[in-house]
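Single-structure report; data block below.
The values are calculated or read from the model by the stated rules, or taken from the named source; none is laboratory data. Since the model is a prediction, treat every value here as computed from it, not as a measurement. No Cβ is skipped: glycine too gets one built from the backbone with ideal geometry, and neighbour counts run over all protein chains shown.
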Amino acid sequence: MRSMIGIIGGSGVYQIEGLNDPRWQTVNTPWGPPSDQILTGTLSGTAMAFLPRHGRGHVHSPTSLPYRANIDAMKRLGVTHLVAVSAVGSLKEAYAPGDFLIVDQYVDRTFAREKSFFGPGCVGHVSVAHPTCAQLSAVCATAARASGVTVHQGGTYLAMEGPQFSTLAESRLYRSWGCDVIGMTGMPEAKLAREAEMCYACVAMITDYDCWHPDHDAVDVATVIATMNSNSGRARDLVTRLPALLATVPDPCPQGCDHALDHAVMTAPGQRDPALLARLDAVAGRVLGATSDKL
């Protein structure tokens, strides 16, 4: 399968010089509209798609984000490798504002979001023991280092509900759990990408030390935005390096991200809900298509 790179991130990420044939597309999904139109084009001969996670102008909160629609829309466009660029707070002294961390694990503390494409009528249990793609994560780390960023490869992302930042007690608790960074959008995005059988990597851009740090007793939005803006150029440079690097890695994915649903669907074919199967056409059509035609 020919690779297509998808990027979910802020406005500074998708303003890429050298993107050929750029076009904003409206993508309809069975899960409602995604956060915004999706910018598509080609970069160094590789198809790419860019989605502003919160919408242009930042109109969606972390809780109100249409996570399922966002992932479905990317899958529907043909994205095979999805890179999330996310702002996070640091829970460790060694991980400083301005650094990038390549996430490999999550602790999900969100509670007000739809977390699966599956449900009554078609039950699916996908493994997220290793929720990110090691191969794609390594490519992102290489691209980040080449962009001049201090990169930490591997770390645990604590996903909180938000939109408020942590209390001091919560921040200290998450540090005691061994978490490395904290953010509000990593889940269920990573889980849904796995259900959609896409390779997924998260590039976490550290903007602050969260409130545990004695010099950061309150997270200041203005400071966070200033750090994000200073990192946006390096994030764009990272993105421009992805096509060449991705072309050198094995295909298909050695981790099996592209076949994550092989043994995930539990509901017997004769008991599957046709309406839900129709909604799953993009994300799970590979494993459901043969049986859904008979129902």
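Scanning the stretch 242-295 for residues that are exposed (fewer than 14 other Cβ atoms within 10 Å of the Cβ), of a type in the set (A, V, I, L, M, F, W, C) and at pLDDT 95 or above yields a total of 4.
Scanning the stretch 171-185 for residues that are touching a strand residue (DSSP E or B) at 6+ places or on another chain (Cβ under 9 Å) and surrounded by 14 or more Cβ atoms within 10 Å (Cβ to Cβ) yields SER171, TYR174, CYS179, ASP180, VAL181, ILE182, GLY183, MET184, THR185.
Please indicate, with yes or no, whether at least one residue in the stretch 117-130 is surrounded by fewer than 21 Cβ atoms within 10 Å (Cβ to Cβ), without any contact (Cβ under 8 Å) to a residue 40 or more places away in the chain and not basic (Lys, Arg). Yes, some residue in the stretch 117-130 is surrounded by fewer than 21 Cβ atoms within 10 Å (Cβ to Cβ), without any contact (Cβ under 8 Å) to a residue 40 or more places away in the chain and not basic (Lys, Arg). ALA87 falls short on exactly one of the conditions (1) within 16 Å of ALA190 (Cα to Cα); (2) modelled with pLDDT of 95 or more; (3) out of contact with any Cys (no Cβ under 7 Å at 6 or more places or on another chain), and that condition is (2). The selection criterion, being more than 18 Å from GLY186 (Cβ to Cβ), touching a Pro at 6+ places or on another chain (Cβ under 7 Å) and surrounded by fewer than 19 Cβ atoms within 10 Å (Cβ to Cβ), holds for GLY32. Residues in the stretch 16-33 that are out of contact with any helix residue (DSSP H, G or I) (no Cβ under 7 Å at 6 or more places or on another chain) and of a type in the set (S, T, N, Q) were compared, and the one that is farthest from ALA247 (Cα to Cα) is ASN28. Of all residues in the stretch 66-81, which are assigned to a helix (DSSP H, G or I) and not β-branched (Val, Ile, Thr)? Across the stretch 66-81, the qualifying residues are TYR67, ARG68, ALA69, ASN70, ASP72, ALA73, MET74, LYS75, ARG76, LEU77. Here PHE165 passes the criteria (1) surrounded by fewer than 19 Cβ atoms within 10 Å (Cβ to Cβ); (2) modelled with pLDDT under 95; (3) hydrophobic (A, V, I, L, M, F, W, C) except the one numbered (1). Scanning the stretch 91-115 for residues that are outside any loop (DSSP other than H, G, I, E, B) and either over 11 Å from ASP180 (Cα atoms) or over 15 Å from the mean Cα position of the chain (by Cα) (or both) turns up PHE100, ASP108.
Checked against (1) under 21 Å from PRO33 (Cβ atoms); (2) outside any strand (DSSP E or B), ALA84 meets all criteria but (2). Given the options LEU136, LEU158, name the one that is closer than 15 Å to ILE102 by Cβ, touching a strand residue (DSSP E or B) at 6+ places or on another chain (Cβ under 8 Å) and crowded, with 24+ Cβ neighbours inside 10 Å. Result: LEU136 is the single residue among LEU136, LEU158 that is closer than 15 Å to ILE102 by Cβ, touching a strand residue (DSSP E or B) at 6+ places or on another chain (Cβ under 8 Å) and crowded, with 24+ Cβ neighbours inside 10 Å. Being over 29 Å from THR26 (Cα atoms), part of a loop (DSSP other than H, G, I, E, B) and not acidic (Asp, Glu) is a property that does not hold for ALA143. At pLDDT 95 or above, among the hydroxyl-bearing types (Ser, Thr, Tyr) and closer than 27 Å to VAL139 by Cβ: is that true of THR63 in this structure? In short, no. Of all the listed residues (VAL151, VAL203), the sole one being more than 30 Å from ALA264 (Cβ to Cβ), among the hydrophobic types (A, V, I, L, M, F, W, C) and in contact with a helix residue (DSSP H, G or I) (Cβ under 8 Å, 6 or more places away or on another chain) is VAL151. Comparison of GLU197, GLU189 shows that the only residue that is on the phi > 0 side of the Ramachandran plot, surrounded by 20 or more Cβ atoms within 10 Å (Cβ to Cβ) and at pLDDT 95 or above is GLU197. Across the stretch 7-56, the qualifying residues are those that are of a type in the set (S, T, N, Q) and farther than 19 Å from HIS81 by Cβ, and the one among them that is nearest to the chain's Cα centre (by Cα) is SER35.
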